[in-house]
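Read-outs throughout are calculated quantities, based only on the coordinates presented, and are distinct from any laboratory measurement. In this text, all values refer to a predicted model and were calculated from it rather than measured experimentally. Methodologically, a virtual Cβ is constructed for each residue, glycine included, from the backbone with ideal geometry; neighbour enumeration extends over all protein chains shown.
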Amino acid sequence: MSPAARMWSAVDSLRWSEGVGLGLLQGVVGGVFGIGGSSIGTPLLRMLLDTPPLVALGTPLPLTVPSSIAAAAAYRRRGMVNWRAVRWTAPVAAPAAAAGAVSTRWVPTQLVMMLVALTLLLAAAQLWRRQSGAQPRPDLFGSSGVSARPWALASVGVLVGAASGLLANAGGFLLVPAYVWLLRARVREAAATALCCAPFIALPGIVVHGLLGHIDPSLALQLAIGAVAGSVLGARLSLRFQAIRLRRPFAVLLLAFGIYFSMRVLNSTS
């Protein structure tokens, strides 16, 4: 093998290791907190790999399907998924996600990047403010058998779907706080249910963003390889440790990351 070929092989191996490593990190975060997609992957791709903005936005989206399925399976075995909430949220979120993804044709790229940064800050606030001792309402996850109102779950699905399509996200960054704040579900139960909704929200976005040229197939494969293993590991960590032990340290890290990424985006517009 010539020196040039060896150098190219080394560079290619480094790129693959970087992509798989980023996918592993994203999978762990998604498995523990139900947060993934553009809220984590896009800033990492922009800052670490200098990926073009819209490609960085769309490329992490395909990996949410295998990673969310793998993590949701771990939660399902523990009986932590509310399937009725999934049935009322996912079907209406899917077409809304397609519409949100189409809107990226007209929304300014820098505005989309600022919205991605905002999701980081919102996710950090959600993780920090959740009180460990709060109990869920019986209408969603309680033992009384009374279910949440369908219109409330469907409304959440429409809003989350539209935002997720625009931001190339599977919806966890909004579904988890929606289930926690509005329906008072426990964090892990909300994350488990959000992960089960994720494939249905992500698939329309994948199709639309792919048609718009926002997905790099090679990079998406690298991310997916790491994300599947990371999501299983993240789900197991969440089930093993108390949520408060993981939540607040990560919230601080996520806040710092969000502020830094926001400054990067603002500097690029000046």
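A few remarks follow.
- Residue (of 66, 96, 153) at the positive-pole extreme of the range 13-269, dipole from beta-carbon charges: 153
- Each 10 Å bin from zero up to the one holding the largest Cα-Cα distance in the range 13-269 carries the following percent of pairs: 8, 34, 39, 16, 3, 0.
- The residue 263 and residue 83 beta-carbon pair, evaluated with R₀ = 41 Å, returns a calculated FRET efficiency of approximately 0.45.
- When only Cα pairs below 8 angstrom with a gap of at least 6 residues are kept, the range 13-269 shows a relative contact order of 40 percent.
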